[in-house]
1. In region 83-103, what count of residues is obtained for those that are crowded, with 16+ Cβ neighbours inside 10 Å and either without any contact (Cβ under 8 Å) to a residue 12 or more places away in the chain or at positive phi (or both)?
2. Can you tell me which of (1) more than 20 Å from residue 278 (Cα to Cα); (2) surrounded by fewer than 20 Cβ atoms within 10 Å (Cβ to Cβ) is the one residue 30 doesn't meet?
3. Filter region 215-261 for residues that are surrounded by fewer than 23 Cβ atoms within 10 Å (Cβ to Cβ) and among the acidic types (Asp, Glu) and give the result.
4. Show me the strands (runs of 3 or more DSSP E) entirely contained within region 141-222 in which 2 or more residues are in contact (Cβ under 8 Å) with a residue 12 or more places away in the chain and polar (S, T, N, Q).
5. Can you find a residue that is outside any helix (DSSP H, G or I), touching a residue at least 60 places away in the same chain (Cβ under 8 Å) and touching a strand residue (DSSP E or B) at 6+ places or on another chain (Cβ under 8 Å) anywhere in region 258-278?
6. Only one of these is modelled with pLDDT under 95 and either within 17 Å of residue 38 (Cβ to Cβ) or not basic (Lys, Arg) (or both): 255, 292. Name it.
7. Going through 13, 58, 20, 4 one at a time, which residue ends up being surrounded by fewer than 18 Cβ atoms within 10 Å (Cβ to Cβ), under 19 Å from residue 276 (Cα atoms), at pLDDT 95 or above and among the hydrophobic types (A, V, I, L, M, F, W, C)?
8. Could you tell me whether region 104-116 includes any residue that is touching a Leu at 6+ places or on another chain (Cβ under 6 Å), surrounded by 19 or more Cβ atoms within 10 Å (Cβ to Cβ) and over 23 Å from residue 162 (Cβ atoms)?
Amino acid sequence: MNIVPLAFESMGVRSMATFVETDQRTLIDPGTSIAPKRFGFPPWKDEFDALHETRARVQEYAAKANILTTSHYHHDHFTPFSLGRYLDSSPQYAEEMYQGKKLFIKHPTSHINKSQQKRARDFLKNLKHLGARDIHYADGNSFQVGDTHLRFSEAIPHGVEGSRLGFVITTTIEWENQKLMHASDVQGPMSEIAKEIILNENPDTLILSGPPIYLEGFALEKEDVEFAQKNLIEICQEIPKVVVDHHLLRDLRCFDFIKTVKEESMGEILVASELLGKEPYLLEARRKEFYF
């Protein structure tokens, strides 16, 4: 199994886009974006450069893929059929990406908040106009494609239980006694149900989003961060390789958080760029530096 991170916060953008090659070629959460505002400032040139570079990479690997999955309908996790400056999206990019692919997507009306439900409705309407027919609602289902087994969790909270941000589904890929689990936006995980699903799946490699520590004191309590860290320590004690990225890396304190998890768990934990042998390239977390 070949795992290729395409776009993550450790690569300068908001995303968890990942390409997985088995006897099939699967692209998980094919989106990329940058924050329109952070610390009161718009993105710097370097962030737009990273956005354009990761968009080109996502489009390149989408052309290679025969399977695309979507964990939920936030714009950093799929590509909409619309122009987006901070997504580097366009109808042409979406058409090129989704044409003729086998699609496994989050259910558009079950366990979903209103904003994502509208995005899902627009997305499906555009897929219909494109003539896409091989579309499967993935929540809680398993699929066999060639020698590759794909398994999706039931809808679980986007972060803490009861989150207004809605629900996500995890993706597990099994092939030749190898197992990868991709857990978008579980944020730590910050819910007990997400932790139990991950531990029960027990993959060889886990890719997940860490907690959004940059929101601590605003939309997040200190206790939520501590709970997420405790859960991640427990996960790292059980799973051989854990890749933590996304929300966590929007704050430079992320490295202290990861260091504590390493020391407490004695497990292998790294960020997505390190899977490619590259140092983390944090941009949003450093945005203030560009203005002073």
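The values are calculated or read from the model by the stated rules, or taken from the named source; none is laboratory data. Nothing here was measured: the structure is a model prediction, and the numbers come from that model. For neighbour counting, all protein chains shown are included, and Cβ atoms are generated from backbone atoms with ideal geometry for every residue, glycine included.
1. 2
2. (2)
3. 216, 221, 223, 224, 226, 234, 238, 251, 256
4. Fully inside region 141-222 and qualifying: 171-175, 205-209.
5. Yes, there is a match, as at least one residue in region 258-278 is outside any helix (DSSP H, G or I), touching a residue at least 60 places away in the same chain (Cβ under 8 Å) and touching a strand residue (DSSP E or B) at 6+ places or on another chain (Cβ under 8 Å).
6. Numbers: 255 fails: modelled with pLDDT under 95.
Residue meeting the stated conditions: 292.
7. Values: 13 fails: surrounded by fewer than 18 Cβ atoms within 10 Å (Cβ to Cβ); 58 fails: surrounded by fewer than 18 Cβ atoms within 10 Å (Cβ to Cβ); 20 fails: surrounded by fewer than 18 Cβ atoms within 10 Å (Cβ to Cβ).
Result of the check over 13, 58, 20, 4: 4.
8. Looking for residues that are touching a Leu at 6+ places or on another chain (Cβ under 6 Å), surrounded by 19 or more Cβ atoms within 10 Å (Cβ to Cβ) and over 23 Å from residue 162 (Cβ atoms), one finds none in region 104-116, hence no.
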